[in-house]
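We did not get these values from a lab; they are worked out from the coordinates using the rules stated. Just so it is clear, the structure is predicted and the values come from calculations on it, not from any experiment. Using ideal geometry, Cβ is built from the backbone for each residue, glycine included, and neighbour counts are taken over all protein chains shown.
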Amino acid sequence: MEKDAVTGLPIHPGAVLKEELLKRGISQRKFCDLLQVPYTRMNEILNGKRPVTASFALMVQAAIGLDPELLTTLQLRYNLTLAPQKPALKKRLEEIRRASALLAQEKKSKEKNSKLIIHNSELKGVGNDGTIDDEKRKEKK
């Protein structure tokens, strides 16, 4: 995964698009007119302040042939890196992990208890000396 040398974050797809436009000699203003999107929206995308949507990526493909999957995959990686750093989500993820761990412990405890119940029910009819009473012998046959 390519990362920005300064921030260490995955590259925002807007940076890729910005570089592509520079290579092709297309100004932001001309590209906005071509795609019929507001200049401020385009500027925010190119500067990594707004996400690239699937529909925007498809418009870019129609205009200059850039693979929409490249742009959307870069956006996904960018989002997955930044999202867990948001305090509210970070807290929620911690709560979910704790609750999940409790569920796993509860399941193990239930499994252990059910094995004990089965084991105890198998022992019914077994005398203190380890012999099986007559009714149990008949059931086992």
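With Kirkwood's inverse mean 1/r over C-alpha pairs for Rh, give me the Rg to Rh ratio of region 13-84, two decimals please.
Values: Rg = 11.5 Å, Rh = 12.2 Å.
That ratio equals 0.95.
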(Q) Multiplying the sequence separation of L70 and N43 by 0.36 nm and subtracting their Cα-Cα distance, what value in nm do you get? (A) 7.8 nm
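Estimate the FRET efficiency between T53 and E95 by the formula 1/(1 + (r/R0)^6), using the beta-carbon distance for r and 25 Å for R0, to the nearest 0.05.
Details: r = 30 Å, r/R0 = 1.19.
FRET efficiency, T53 to E95: 0.25.
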(Q) Give me the one-decimal nm value for the distance between modelled label points at D4 and L102, 7 Å along each residue's Cα-to-Cβ direction. (A) 3.9 nm
Q) Where the centroid of each part is defined by its Cα atoms, how far is region 72-104 from region 30-69 in Å? A) 28 Å
Q) Is there a pair in K23/K90; K18/K90; K49/K86 whose C-alpha atoms are over 27 Å apart, and which pairs would that be? A) K23/K90; K18/K90
Q | Label-to-label distance, nm, for residues given as L34 and A83 (7 Å Cα→Cβ offset) | A | 3.1 nm
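Magnitude of the Cβ-charge dipole of region 13-84, K/R +1 and D/E -1, about the Cα centre, nearest 20 debye?
220 debye
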Q. Taking K and R as +1 and D and E as -1, what net charge do the other residues with C-beta under 12 Å from the C-beta of N43 add up to?
A. +4
